[in-house]
Structure formats: C-alpha cells, structure tokens
1. So which residues in the stretch 174-207 are out of contact with any helix residue (DSSP H, G or I) (no Cβ under 6 Å at 6 or more places or on another chain) and at positive phi?
2. Could we say that residue 91 is out of contact with any strand residue (DSSP E or B) (no Cβ under 7 Å at 6 or more places or on another chain), part of a helix (DSSP H, G or I) and under 16 Å from residue 182 (Cβ atoms) here?
3. For residue 169, all conditions in the list (1) over 21 Å from residue 66 (Cβ atoms); (2) out of contact with any strand residue (DSSP E or B) (no Cβ under 7 Å at 6 or more places or on another chain) hold save one; what is the number of the exception?
4. Can you tell which of 91, 102 is in contact with a helix residue (DSSP H, G or I) (Cβ under 9 Å, 6 or more places away or on another chain) and closer than 23 Å to residue 165 by Cα?
5. So, in the stretch 121-140, exactly how many residues are within 17 Å of residue 183 (Cα to Cα) and within 16 Å of the chain's Cα centre (by Cα)?
6. Does residue 160 satisfy the criteria of being more than 26 Å from residue 59 (Cβ to Cβ) and either surrounded by 13 or more Cβ atoms within 10 Å (Cβ to Cβ) or within 14 Å of the chain's Cα centre (by Cα) (or both)?
7. Could you tell me which residue of the stretch 99-120 is surrounded by the most Cβ atoms within 10 Å (Cβ to Cβ), considering only residues that are over 12 Å from the mean Cα position of the chain (by Cα) and without any contact (Cβ under 8 Å) to a residue 24 or more places away in the chain?
8. Would you mind finding the one in 21, 95 that is within 17 Å of the chain's Cα centre (by Cα) and modelled with pLDDT under 65?
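The values are calculated or read from the model by the stated rules, or taken from the named source; none is laboratory data. Not measured: the values here are computed from a predicted model. Methodologically, a virtual Cβ is constructed for each residue, glycine included, from the backbone with ideal geometry; neighbour enumeration extends over all protein chains shown.
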C-alpha cells in the first residue's frame, strides 16, 4: 500500500501548524514549525492568495496527514460518514479516531501515530486477546486493545508509557501497568491534539 515516507516535519510546515507527527519533539523548541514558520520549498516564502477552495483543501490535507491515510482511503471514510446519522464532519473524525493505530496512540502505547501503525503492522497489538495487524481496523465500544504479552518488555513500549504526557481521552479506559485499553464509548468526533474544521472538508467534497 502506498504510504508517505518523506520528512514528516515538512507536512507540519506545509499546513503551518503542529500535527504532532514526531511525538514529544513537537512540544520542544526543536519543532520545525517553531523554527521555520513558512511552508517548505523554494517558493515557500511567497504570499499565496487564500481562496475558499485552497482553505478547504488545506483542511482536508491536514486531516489526512494527522491520521496518516491516503487520498482514496480518506474518500472511502467520507463516503461512510455521509451514510451515517448525524453531522457528516463529526462522523468522519469519529471513524478516523476509531482506527486501531489511533487507539494505540491515544492509549499511550506509542509516541506517534506513525509508530503506532508500525506496531500494529508488526503484530504487537491484540484486540480482545487476538492479534490484529490491520492499522485501519475499526475499534468498537467494549473492545479491549492490548499489547501482546511477548512484546510488553520491549523498550519501545516502556519509552512510550514513561514519556506519556498527553491528556487522556474520555472514551478510553487505560491500564498502563497491564498495557490494556478498553473502548468505553465511541470517540466524540473531535481530534484533541489538532483542531480540524470538519465543516470545511464537507464543503470541499460537496462541490
């Protein structure tokens, strides 16, 4: 499957906001957004006319990059969100927040969404006691996401749990010692780290 493999700091600079793609580094003065406030590339310092379409496109790209999904996959999520009851934008963010790799990140078992995706792909994560290696797997209410017993002594998980400083999301009940997280309710449809104006994404796809 296609996946962005370039420098992730460029993605934050392109959106001119912190996307927290490098974990704790994004909260320090080493953050690329803090050091260079202009977009990457030789024309990054040029002034660009911000049309409605450009603003909507940038918001969609921001959401895609935060959750690490490609364009076709993002469109599929939007199509599912349209069919669900309620606000389409909230449904879209809820679907993205319910991804297994995002649940692993929210639980504090990984320092970034990218690392969480790798941990899932490599078989370190279980759902209800069974290995699941699909990052896009949709977590549902009542599911128990845990680190595989053989992986719990890995330095990766120890570093992640010891350096966890983010605010715990209310829809997860986390046991850090047991390295388990229970989905007690569906996500609220809001990204707690990055403000995503979902109404702009809906307007873009409604053109």
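1. 179
2. no
3. (1)
4. Every option except 102 fails the conditions.
5. Total satisfying the criteria: 5.
6. Answer is yes for this residue.
7. In this case the residue turns out to be 120.
8. The unique qualifying residue is 21.
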